[in-house]
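As structure tokens, the structure follows; a few thoughts come after it.
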Amino acid sequence: MQDTTQNHVMETVLFKLKDGVTTDAFLKAAEASVTYVENCSGFISRRLSGAAGTQWVETIEWASLADAEAASAGLAAAEGIGDFLAAVDETSVAMHHTQVQLSLR
């Protein structure tokens, strides 16, 4: 069986929420951002994990690095994403792109 994930890219974003942002408010904002992310070319999957007062991790699988970069480039102007971005402490953000080496389902 051919591995169709050989060129896929994992985008991993580590961040903290701004002071005063609750988990419930952040998750509501994250849900509002779903439409943008799901409609980006090359989107495969997205996971968001974390809890109030701790580091959050967002992992998005893309078909290619070009798809990930295009989605990032359009993020600031995307409809429905403003509250999500406003909740994140931008000084805490670290983003990495890595190529999928093994995928188990």
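All of the numbers you see were taken from the coordinates with simple rules; none came from a lab. Just so you know, these numbers come straight off a predicted model, no measurement behind them. Neighbour counts run over all protein chains shown; Cβ positions are idealised from the backbone, glycine included.
Fewest-first ordering of Val88, Val93 by other beta carbons within 10 Å of each residue's beta carbon gives Val93, Val88. Counting neighbouring beta carbons within 10 Å and listing from fewest to most, the residues Met95, Met10 come out as Met95, Met10. Amide H to amide H, with H built 1.01 Å from N, His8 comes under 5 Å of Val100, counting only residues 5 or more places away or on other chains. The share of C-alpha pairs in the chain whose separation exceeds 25 Å stands at 21 percent.
Hey, what number do you get for the chain at 222 nm if only DSSP H runs of n ≥ 4 count, each worth -39500 (n - 2.57), divided across all residues, to the nearest 500?
On the way: 4 runs with 31 residues, N = 105.
Calculated mean residue ellipticity at 222 nm is -8000 deg cm²/dmol.
For the peptides 60-67, 13-20, 98-105, the ranking by packing is 60-67, 13-20, 98-105, with the highest mean count of neighbouring Cβ atoms within 10 Å listed first. If one computes the Cα centroid of the stretch 8-30 and of the stretch 61-105, what distance in Å separates the two points? Result: 11 Å between the Cα centres. Charge dipole (Cα centre; +1 on Lys/Arg Cβ, -1 on Asp/Glu Cβ; no other charges) of the stretch 50-105 amounts to roughly 240 debye. Placing +1 on the Cβ of every Lys and Arg and -1 on the Cβ of every Asp and Glu, with nothing else charged, gives the stretch 9-99 a dipole about its Cα centre of roughly 160 debye. Available extension along the chain between Lys28 and Leu48 is 6.0 nm, counting 0.36 nm per residue and deducting the alpha carbon span.
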